[in-house]
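Below you'll find the structure, written out as structure tokens, and then a few comments.
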Amino acid sequence: MNLQQGRYNLLQLLEAAYKGEVMLPDFQRNFVWKREDIEELTKSLLEGMFIGTFLILDTSPNVIPFEPVFITGVKEVNPEVKANPHKLILDGQQRLTAMFYAIYCPNIPLKNR
């Protein structure tokens, strides 16, 4: 296993999620953030604040160590999407999904809504 530090563009990760190239391992919990959580994260990003790190596993669509699942909302905004995982989000799923909601607005009610 090759561990390395890198930088990813958040919008590029979101676009790759939309295309089915960034996915989650099936052991991740469901998305549980509320609208207020998404608003706070968006505000932090707009203010240039540090929002934490992501743990991302680079993989190949042919050799996937875990069963991949789409980020919540992907299939609703892109019904033609096919699973083609190149990256699995091991940590940071709530933040990435929150930003997916903010950018793509899937028609899925948020918690307590």
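The values are calculated or read from the model by the stated rules, or taken from the named source; none is laboratory data. This one's a predicted model, so the numbers in the text were calculated from it and none came from an experiment. Reconstructed Cβ throughout: ideal geometry from the backbone, glycine too, with neighbour counts over all protein chains shown.
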Pair list, Cβ < 9 Å and 6+ apart or interchain, from the range 1-13 residues that are among the hydroxyl-bearing types (Ser, Thr, Tyr) and loosely packed, with under 10 Cβ neighbours inside 10 Å to residues that are at pLDDT below 75 and part of a loop (DSSP other than H, G, I, E, B):
none
Tally of residues being in a loop (DSSP other than H, G, I, E, B) and touching a residue at least 24 places away in the same chain (Cβ under 8 Å) across the range 66-98:
14
Restrict the check to the range 32-46 and report whether at least one residue is part of a loop (DSSP other than H, G, I, E, B) and either within 10 Å of the chain's Cα centre (by Cα) or at positive phi (or both).
no
Residue by residue through the range 1-26, note down the ones that are farther than 20 Å from PHE50 by Cβ, at pLDDT below 95 and of a type in the set (A, V, I, L, M, F, W, C).
MET1, LEU3
Would a scan of the range 97-111 turn up a residue that is at pLDDT 95 or above, touching a strand residue (DSSP E or B) at 6+ places or on another chain (Cβ under 9 Å) and either more than 16 Å from LEU13 (Cβ to Cβ) or of a type in the set (A, V, I, L, M) (or both)?
no
Starting from residues that are closer than 12 Å to HIS86 by Cα and of a type in the set (Ser, Thr, Tyr), keep the ones in the range 14-68 and report whichever is surrounded by the most Cβ atoms within 10 Å (Cβ to Cβ).
THR59
Single match in GLU39, GLU47 (criterion: out of contact with any helix residue (DSSP H, G or I) (no Cβ under 7 Å at 6 or more places or on another chain), without any contact (Cβ under 8 Å) to a residue 24 or more places away in the chain and farther than 25 Å from GLN5 by Cβ)
GLU39
Taking the condition of being surrounded by 16 or more Cβ atoms within 10 Å (Cβ to Cβ) and either among the aliphatic types (A, V, I, L, M) or closer than 14 Å to ASN30 by Cβ (or both), how many residues in the range 82-99 meet it?
8
Return the pair list, or none, for Cβ contacts closer than 7 Å from residues in the range 17-30 that are more than 14 Å from VAL77 (Cβ to Cβ) to residues that are part of a loop (DSSP other than H, G, I, E, B) and among the aromatic types (Phe, Trp, Tyr), at least 6 apart or on different chains.
MET23/PHE70; PRO25/PHE66; ASP26/PHE66; PHE27/PHE66
Filtering the range 47-65 down to residues that are charged (D, E, K, R) and in a strand (DSSP E or B) yields ASP58
